[in-house]
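The values are calculated or read from the model by the stated rules, or taken from the named source; none is laboratory data. Owing to the predicted nature of the structure, the values given are computational and were not obtained by experimental measurement. Cβ sites come from the backbone with ideal geometry, for glycine too, and all protein chains shown count toward neighbours.
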2 protein chains.
Amino acid sequence: MRKVAIIGVGHTKFGVLEEKSLLDLLSDASLEALDESNTTQSEFDSVYVGAMCPGEFNNVSGISSALVDKISLLPAASDRIENGPASGGSAIKAGFQAVASGMSELVLVVGGEKMTHIKTPGYITSKVATITHPEAERIHGVSLPSFGGMLTRSYLEKYDAKLEWISDIAIKNHKNGALNPNAHFQRSIEDFMESAIKKGKGNWKNVSEFLNDDNVNPIIADPLRLFHICPISDGAAAIVLCNADIAKNYCDSPIIISGIGQATDTHIIYERAEITELKALKIASSQAYKMAKKKPKDIDVCELHDAFEILEAVQCEDMGFFKKGEGAKAAHEGLTQIDGQIPINPSGGLKARGHPLGATGVAQVVELFWQLRGEAGKRQVDDPKTGITCNFGGFGNNILSILVERM
Amino acid sequence: MRKVAIIGVGHTKFGVLEEKSLLDLLSDASLEALDESNTTQSEFDSVYVGAMCPGEFNNVSGISSALVDKISLLPAASDRIENGPASGGSAIKAGFQAVASGMSELVLVVGGEKMTHIKTPGYITSKVATITHPEAERIHGVSLPSFGGMLTRSYLEKYDAKLEWISDIAIKNHKNGALNPNAHFQRSIEDFMESAIKKGKGNWKNVSEFLNDDNVNPIIADPLRLFHICPISDGAAAIVLCNADIAKNYCDSPIIISGIGQATDTHIIYERAEITELKALKIASSQAYKMAKKKPKDIDVCELHDAFEILEAVQCEDMGFFKKGEGAKAAHEGLTQIDGQIPINPSGGLKARGHPLGATGVAQVVELFWQLRGEAGKRQVDDPKTGITCNFGGFGNNILSILVERM
């Protein structure tokens, strides 16, 4: 198999981007990646777009073809990949296989979603819920946040953990997001609290009190509150992949994708042996470690899929960084901070960077690219050489893990 | 690059399949392909689903993950590929690259769409039209049939061709479809006429008169009439791909995918130099021929994307079977019949087999698999050794061509 390198990346700001269409966002991230990679448009063989709901949210199909024309990559082949909120990771895998097989030399992968223009209450949540099982789950009114709440309660009970530890994950991720100029929320939770105090909304002694106040942090899916859940965001992220043999023709310090794993689990959550364990992630991350000949202890930085903060706790366990039941406590103890034992979500994660569905899996790899090259600015982890992601599709029924390292 | 073989196929009947959901259709085709390929479920690494509009038509996302669970392929990786009406061909390419790269040994590719349950007038046409350019085309009310009409008129004028020759393509495809037990319409146009005569709807001397009668064959997009346009269908088709080195462990006569090409063209049709020429197809088919070290004269059977009958005429020219302007005449002269110089659409094509969008690109390859193995029954072409497809995405702005041959 040919080795595959990342030679350039692009990343729009994530957030409420009123002026931009989905195609604009994809174009902006792509053109930045093309520019950063010192490539010329005519060299590209193929383009993979990761997006979950362009039809449902933006009333467009064939957007990968539209993108190729808009950014002057004609006649490059192009396809859209959909794997729920893991569409970005799946697009990277498709691009990786295009290069690894020898079918392509130079591939653009871009993930994006445009969501915040939708004002119909519940529309986005109901469309995202179309990944749940129609007869066993959706018909009963289940939504993704409700699964997040159920997982949180199960975890807290099973491991005698505290909800405050889950909140500590959010506090960390907002702290990191405050250092990320592309994040949706570039503010710590302390900052949110201080603003609320100034506006006369309350007077809290500390963040813990603030986060327990129903008025500023309402319960969304018991026990999860607003600050335990990622926002709805617009945005896009892009990477340029090439045959590693020629990577140094384009950039001095390419990053290698040395491992990719992907696995599925039962569609119906009730059918899983253990709700607090992500079997698909265990398999996917094992595949990625094996392919890269690495172990969890070799990893220097990690980007996880904290659509709900409980997920970061469970994922860092199932990827081998902590024993089962110790992921939330690890965050509480500061082990996952930027200067901790294993820095998790230095980008701010989905909680603070934001979660434009199809963009997330690509944005995770973009963050690792910057981290491994020492280009992550104020949120830079100390000299990382390897990084890994978890991109979470469905509610854990289709998970990717991508391992990258310096060339 | 590793060689990739097809070792088994599945194909539901195409048509109005009221009892079946999209997931049912995908499952039915997949299980048939699994059975035919003598594989066991636990051997599969990955699954690619080609479907254009599961969100818009069926209110589901993540259907590839749902499929993997339903047919017991857990924990195989899975993704959905969307490339408009060429989603099936793109799914095959993704599966091909998974095997060719060495990331997978055994891959299921299935394409499908469930459309006929939608009763809202214009809903399907408007959703398919989301592949057109939003500002330059769609806003003006353009639909795919209107482009089909425009292309037909341009072709007839440019090449001094006759609309009757375009009708001859439909007559041939219905004749072939009558021999295909999976076709949506298993009836010749003569048969439609005779039924109409029996029902007292008219008394026509010949098919030509019948096809010119506005009451039984109304104009849809001038000059195209009902019988120049494919139906809206439900259905699915599947293939099992594997590393060619181990293909004979599963089946005696595997078929090799020896060439795949894919190319894009301008999104806005007006920007193309020549509307009667499919530049993306010229590039895609050239890539496929080159990869397989074949020329048009080496091809024994061909499946084209006749969503509108004019497309078969243009495609068979741009793939090198006839000179420009001679494709429609070739059909009129019988050169594309099952026993003709180059048999085109022995399956009945989109016109008679039907066109469940995402299924079509896979169904084309399934038909070639059967033809090359001598399993095509009454519509069998005489001893074909090589075959090629055109799967048409957008309105010609993203086209795939897949070349297969005996191992």
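Worth pointing out:
- Checked against (1) in a helix (DSSP H, G or I); (2) among the aliphatic types (A, V, I, L, M); (3) out of contact with any Leu (no Cβ under 6 Å at 6 or more places or on another chain), A:Val9 meets all criteria but (1).
- Only one of the listed residues (A:Gly354, A:Gly349, A:Gly327) is surrounded by 24 or more Cβ atoms within 10 Å (Cβ to Cβ), more than 12 Å from the chain's Cα centre (by Cα) and small (Gly, Ala, Ser). That residue is A:Gly327.
- A:Gly95 being within 12 Å of chain B (Cβ to nearest Cβ), surrounded by fewer than 20 Cβ atoms within 10 Å (Cβ to Cβ) and either under 19 Å from A:Ala244 (Cα atoms) or among the acidic types (Asp, Glu) (or both): no
- Taken as a whole, the stretch B:44-51 holds no residue that is surrounded by fewer than 24 Cβ atoms within 10 Å (Cβ to Cβ), in contact with a Gly (Cβ under 9 Å, 6 or more places away or on another chain) and modelled with pLDDT of 95 or more.
- As a summary of the residue check, A:Asp69 satisfies the conditions (1) more than 9 Å from chain B (Cβ to nearest Cβ); (2) acidic (Asp, Glu); (3) under 21 Å from A:Lys20 (Cα atoms) except for the one numbered (1).
For every residue, the table says whether it meets (1) surrounded by 20 or more Cβ atoms within 10 Å (Cβ to Cβ); (2) among the basic types (Lys, Arg); (3) more than 28 Å from B:Gly361 (Cβ to Cβ).
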position	(1), (2), (3)
B:Lys172	yes, yes, no
B:His184	yes, no, no
B:Glu190	no, no, yes
B:Lys198	no, yes, yes
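- Just one of the numbered conditions (1) in a loop (DSSP other than H, G, I, E, B); (2) more than 14 Å from chain B (Cβ to nearest Cβ); (3) surrounded by 24 or more Cβ atoms within 10 Å (Cβ to Cβ) is not true of A:Glu312: (1).
- Residue list for the stretch A:349-399, restricted to those being closer than 17 Å to A:His11 by Cβ and within 14 Å of another protein chain (Cβ to nearest Cβ): A:Leu357, A:Gly358, A:Gly361, A:Asn391
- Some residue of the stretch A:29-43 being at the interface with chain B (Cβ under 10 Å from one of its Cβ atoms) and surrounded by fewer than 24 Cβ atoms within 10 Å (Cβ to Cβ): no
- Scanning the stretch A:264-302 for residues that are more than 10 Å from chain B (Cβ to nearest Cβ) and part of a loop (DSSP other than H, G, I, E, B) turns up A:Arg272, A:Ala273, A:Glu274, A:Ile275, A:Thr276, A:Glu277, A:Leu278, A:Lys293, A:Lys294, A:Lys295, A:Ile299, A:Asp300.
- In this entry, B:Thr130 passes the filter for residues that are closer than 24 Å to A:Leu22 by Cα and among the hydroxyl-bearing types (Ser, Thr, Tyr).
- For the condition of a type in the set (Lys, Arg) and within 14 Å of chain A (Cβ to nearest Cβ), B:Lys323 does not qualify.
- Of all residues making up the stretch A:137-174, the number that are in a helix (DSSP H, G or I) and in contact (Cβ under 8 Å) with a residue 60 or more places away in the chain: 26
- Single residue of B:Met52, B:Met103 found to be touching a strand residue (DSSP E or B) at 6+ places or on another chain (Cβ under 7 Å) and within 11 Å of chain A (Cβ to nearest Cβ): B:Met52
- Verdict on A:Ala136 being facing chain B (nearest Cβ under 8 Å) and either hydrophobic (A, V, I, L, M, F, W, C) or surrounded by fewer than 20 Cβ atoms within 10 Å (Cβ to Cβ) (or both): no
- When residues of the stretch B:57-66 are limited to those that are within 17 Å of B:Gly111 (Cβ to Cβ), surrounded by fewer than 24 Cβ atoms within 10 Å (Cβ to Cβ) and free of Cβ contacts under 8 Å to residues at least 60 places away in the same chain, the one farthest from the other protein chains (Cβ to nearest Cβ): B:Asn58
- Residue that is farthest from B:Leu372 (Cα to Cα), among those in the stretch B:235-258 that are in a helix (DSSP H, G or I) and either at pLDDT below 95 or of a type in the set (A, V, I, L, M) (or both): B:Ile246
- The single condition among (1) more than 10 Å from every other protein chain (Cβ to nearest Cβ); (2) β-branched (Val, Ile, Thr); (3) surrounded by fewer than 24 Cβ atoms within 10 Å (Cβ to Cβ) that B:Thr130 does not meet is (1).
- Residue, surrounded by the fewest Cβ atoms within 10 Å (Cβ to Cβ), within the stretch B:294-309, restricted to residues that are in contact with a Gly (Cβ under 9 Å, 6 or more places away or on another chain) and of a type in the set (Asp, Glu): B:Asp300
- Looking across B:Ser233, B:Ser258, one residue alone is surrounded by fewer than 24 Cβ atoms within 10 Å (Cβ to Cβ) and either on the phi < 0 side of the Ramachandran plot or within 18 Å of the chain's Cα centre (by Cα) (or both). It is B:Ser258.
- Within the stretch B:236-250, the only residue that satisfies the criterion of being touching a Phe, Trp or Tyr at 6+ places or on another chain (Cβ under 9 Å) and either within 14 Å of chain A (Cβ to nearest Cβ) or surrounded by fewer than 18 Cβ atoms within 10 Å (Cβ to Cβ) (or both) is B:Leu241.
- The residue list B:Ser253, B:Ser258 contains one member that is within 14 Å of chain A (Cβ to nearest Cβ) and more than 25 Å from B:Ser64 (Cα to Cα), which is B:Ser258.
- Count of the stretch A:58-76 residues which are touching a Lys or Arg at 6+ places or on another chain (Cβ under 8 Å) and within 15 Å of B:Ser87 (Cα to Cα): 4
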